[in-house]
1. Going toward the positive end of the dipole of the range A:1-54, with +1 on Lys and Arg Cβ and -1 on Asp and Glu Cβ, which of A:Gln23, A:Met1, A:Gln35 do you reach last?
2. Please work out the average accessible area per residue across the range A:1-54, using the 1.4 Å probe convention, and give it in Å².
3. Which ³J(HN,Hα) values, rounded to whole Hz and listed in residue order, are derived for the range A:32-42 from phi using the Karplus coefficients 6.51, -1.76 and 1.60 in 6.51 cos²θ - 1.76 cosθ + 1.60 with θ = phi - 60°, glycine and proline given as x?
4. Residue by residue through the range B:19-27, what is 3J(HN,Hα) from phi via Karplus (6.51 cos²θ - 1.76 cosθ + 1.60, θ = phi - 60°)? Round to whole Hz and write x for glycine and proline.
5. Could you rank A:Glu96, B:Glu21 by how accessible they are, 1.4 Å probe, largest area first?
6. Nearest the rotation axis from B to A, which residue of chain B has its beta carbon, and at what whole-angstrom distance?
7. Within 10 Å of each Cβ of B:35-44, how many other protein chain Cβ atoms are there on average?
8. Work out from phi, with θ = phi - 60° and the Karplus expression 6.51 cos²θ - 1.76 cosθ + 1.60, the ³J(HN,Hα) of each residue of the range A:96-107, listed in order in whole Hz, and give x for Gly and Pro.
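The values are calculated or read from the model by the stated rules, or taken from the named source; none is laboratory data. None of these values were measured; they are calculated from a predicted model. Cβ: placed from backbone, ideal geometry, glycine included. Neighbour counts: every protein chain shown. The protein model used for the area step is the full one, side chains on, heavy atoms only, and it has no ligands, DNA or RNA in it. Shrake-Rupley method; radii C 1.70, N 1.55, O 1.52, S 1.80 Å.
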Number of protein chains: 2
Amino acid sequence: MRIGELAARAGVSVRSLRYYEEQGLLTSTRSAGGQRHYTQDDVERVAFIQRLYAAGLSSRTITELLPCLDSPSDENSDAAMERMAKERDRLSTHIEDLLRTRDALDVLMVAAQAHRDARQAARPPHDGVPVLASGFRGR
Amino acid sequence: MRIGELAARAGVSVRSLRYYEEQGLLTSTRSAGGQRHYTQDDVERVAFIQRLYAAGLSSRTITELLPCLDSPSDENSDAAMERMAKERDRLSTHIEDLLRTRDALDVLMVAAQAHRDARQAARPPHDGVPVLASGFRGR
DNA sequence: CTTGCCTCTCACATTGATGTCAGGTTTTAG
DNA sequence: CTAAAACCTGACATCAATGTGAGAGGCAAG
């Protein structure tokens with residue numbers, strides 16, 4: 001398939017695909033006229049790349065990881081293992097952080113909802129105590 | 001305290017603090033000479049801002065949220081509630097996504113480890129089947 | 001008062017992924 | 001064969017948060 005179709009299937013812009021290739025994340029065979037051709041597997045690969053991007057891995061990091069996945073017998077697999085472990089840890093930490101943030105957001109929403117209810121009970125407006133200073137304990 | 005101290009306490013650059021103020025996320029009183037002064041609470045506030053940033057909220061979004069937290073009696077609290085709920089959902093989705101990505105990474109690591117073990121068992125090198133195509137089923 | 005450190009504003013640079021535009025070529029449908 | 005649609009390369013634009021540097025001024029200790 002050509003680049004437009006891959007883009008459509010993977011839900012990515014054509015521009016991005018060319019960028020991935022430029023970064024060494026994706027390869028293509030070229031037609032006689034120079035147009036890129038891809039296989040079905042590339043759809044999956046692009047999806048995976050997107051996933052890693054979403055996980056906060058940089059293009060640079062992904063570049064170091066993917067070659068190992070293509071041919072796991074490379075000598076660099078040791079380094080890649082290490083890097084994968086490191087990224088996994090980073091990801092776990094990040095997830096923890098997001099969970100805590102979501103909790104904090106929940107606290108704020110409960111507080112806001114409480115205020116809403118209070119207001120609905122015909123209290124005078126602008127009686128508010130700031131939510132942040134009292135409700136949130138950092139880190 | 002002055003800006004340098006706040007920066008140090010919150011673990012943020014001075015530049016960022018000025019940027020937060022520019023974006024309306026943070027306010028300061030000014031000394032006669034024009035220097036910014038902050039209170040203890042601002043340390044906490046900055047930590048919270050950082051947390052929201054880490055959760056992927058844009059400066060724009062945070063700007064819309066924080067005023068509601070400062071004085072929860074504002075009329076905009078309805079809109080803010082809605083936005084908070086929306087961001088909470090987005091955050092949840094994102095967390096789900098990261099968890100799945102971490103799982104995928106685990107799969108890859110297991111595969112890589114298996115290959116490592118196989119190699120250690122004195123197999124010839126470069127026998128590798130690509131991990132990605134076989135092991136990963138997208139989305 | 002002077003020295004040194006901190007702060008001020010303004011402005012331009014950077015980074016990463018992507019958008020967009022221009023000018024030209026390939027492929028495909030009619 | 002021709003026109004439309006898709007593609008090519010290359011370059012410049014964008015966005016958000018932050019870095020960085022210049023030139024000037026505030027503030028506290030000696």
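1. Going by the Cα projections, it comes out as A:Gln35.
2. Result: 54 Å² of accessible area for each residue.
3. Values per residue, Gly and Pro as x: 3, x, x, 7, 6, 10, 10, 10, 4, 4, 5 Hz.
4. Values per residue, Gly and Pro as x: 5, 4, 5, 4, 8, x, 8, 8, 10 Hz.
5. The residues order as A:Glu96, B:Glu21, largest area first.
6. Nearest Cβ to the rotation axis, residue and whole-Å distance: B:Ile95, 3.
7. 1
8. Along the range A:96-107, the couplings run 3, 4, 5, 4, 5, 5, 4, 4, 4, 4, 4, 4 Hz.
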